[in-house]
Each structure stands twice: as structure tokens, then as C-alpha cells.
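Asks: Have a look at this one before I ask anything.
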């Protein structure tokens, strides 16, 4: 494994992203050591809110949510997945597997020894975060799932996702910022597009971004299918509070919240909500509303 590292200068003067970088070294026992970046704001002894991003974003996605959540008294951790943001970027698409992504984030949980976690997960943040919720459940107190899924390959993923897989594999230039902007409801500024492009100085840095859609289990014999089925076995018995906050204008995960509400006991009696006027990246479109939803959910379930 040959990791690339985006020069620090690429992250200078990004709009609305004043957070100091934090790093840890991860040895995945397969490809050597990698450096993972994470935002760490708020009191270090406070309950944790873990903000998990997806494809092809990074912790910049949460820039309008981190400070309000930290100001409310929480320790807010927003990691950059390996291959994204300020984290190292293995240069070959074959370097990325679903299991490795789960292991890389597990290493962050273990090294920081995080407990009493409220998980907020969107897109691939859910595919990874929900696996960890099942496999490290003693570390988590509650979960908010937004525009995400935990597929096992037993059902067709939908035509919108198939088209996205084909695009990520075949497009000559993977225009990260414009792809993100194209799935938002509100206009996205040139400065924001620039910030989403910042981690990727050229195409060689985008192996992880291109490979992510191909790692989603879409067939029953996918290498990750059994592990996800095992996670569902645990989640289908989990009573810990679980809230869905999907948006109303996301063609990729539309109606996905119904699966969680049907399958996970912890969803019963929760104040599930639909984020109105939100696209796939509802953090861009409705960050204030999401902060409100998260804080109310924590307050409502604090004694559970």
C-alpha cells in the first residue's frame, strides 16, 4: 500500500472551517501504517457525538454543525475516512475494502477510547458506522441515521445507485465538488466546491472516492454481505434509541428509513423526522435543523 498525503497548503483558508487538525496513526495489519485526521471539539470529558461522513465528502461537510454541538456541551468527533479529507489516501483502488474501512474507524474508537457515543451517520458513514454500532455496541448510547443504509446485497440497490456506480468508475475526471453540489437542494458556492476539491490535488488522490461505490454490497455473495447480515442480526435486537432523519429529496436513499424503523427495536417511540428541503447531503442543505434534531434526541433519551 502506497499512501498519498494531501499537502497542508491545500487546506489553507477554507471558508467556515476554523478547526485545528488532529491525527492518529493506524496500523491495519495488512497494508502498513496510515495517518487519519479528525476534528475534536468541545470538552474532552463530555459525552461524544460522532459525525460520520460518506462519499465523496470529508469532515468539512459538518462545518456548520460542529461548533453548535460542541457549544451545547458535547465532545464532537468528526473523522476523515481514509482516502478523504486530511487523512492519508492509498493510491490503488484495490487498497480499499469495506472491511478495511470498518477497521480503520474502529482503530479511531479504540485509540481515543470513545464511549457514550451518539452516532450521526450519513451515506457511507452509515455503512461503516452501523457496522461499528453492532460490533462495538458497548461504546454507543444512541444513533441518528440520515440518508444511509446497511445493505446485504439481497435486494436491488435501485437504478439511481447503479448509475452512480457506473459514473464513479468511468468518468474521466471525478469532479468531487461539483458532484456534491449536484445532489444538494440549495445552491453551493464556488468557495464550498473548492473546499470539497481541496483534498484531491489531482486524479491520483481519488482512488478511494472512485472505489467507494463499488464496495457497496449489491449481490448476495459480496465479500461484505455476511458481515452486514451479522450486523443486522444484532441491530434487529438492539433497544438503544435509534432515530431516522432522512431528507425529502434524496433519490438514492429514498424510503430507506422505513427499513430501519421496521427492523430495529430502538426506533420504537422515537420522534422520527423528515428533513424538508434536503438533498442527499442534507448537512449542506439543513445543518441548523440537524443540530436541533440531534440535541432534542439526546435530551429526550438521556435517561434511557
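Asks: Any idea what the relative contact order of the stretch 158-304 is, in percent, if you count C-alpha pairs under 8 Å spaced at least 6 apart?
Replies: 24 percent.
Asks: What distance in nm separates the two pseudo spin-label positions at residue 45 and residue 248, each 7 Å out from Cα along the beta-carbon direction?
Replies: 4.4 nm
Asks: Ok, one more. Multiply the residue separation of residue 135 and residue 71 by 0.36 nm, subtract the distance between their alpha-carbon atoms, and state the gained length in nm to one decimal.
Replies: Extending this stretch completely gives an extra 20.0 nm.
Asks: Below 8 Å, C-alpha to C-alpha, sequence gap of six or more: please give me the relative contact order for the stretch 3-300 in percent.
Replies: 20 percent
Asks: Hey, of [x] 52, 42, 34; [y] 69, 55, 34; [z] 47, 44, 41, which did the structure itself give for Cα extents along the principal axes in Å when calculated?
Replies: Among [x] 52, 42, 34; [y] 69, 55, 34; [z] 47, 44, 41, the one derived from this structure is [z].
Asks: Can you tell me how much longer the chain between residue 111 and residue 236 gets when fully stretched, taken as 0.36 nm per residue apart minus their C-alpha distance, in nm with one decimal?
Replies: Contour length minus the Cα-Cα distance gives 42.2 nm.
Asks: For the stretch 186-224, list residues with backbone N below 18 Å from a point placed 7 Å from the Cα of residue 165 toward its Cβ?
Replies: 208-224, by backbone N distance to the label point.
Asks: If packing is taken as the average count of other Cβ atoms within 10 Å, what order do 253-261, 168-176 fall into, highest mean first?
Replies: My ranking of the peptides, most packed first, is 253-261, 168-176.
Read-outs throughout are calculated quantities, based only on the coordinates presented, and are distinct from any laboratory measurement. Note that the structure is a prediction, hence the values are computed from the model and not measured. Here Cβ is always computed from backbone atoms with ideal geometry, including for glycine, and neighbour counts include all displayed protein chains.
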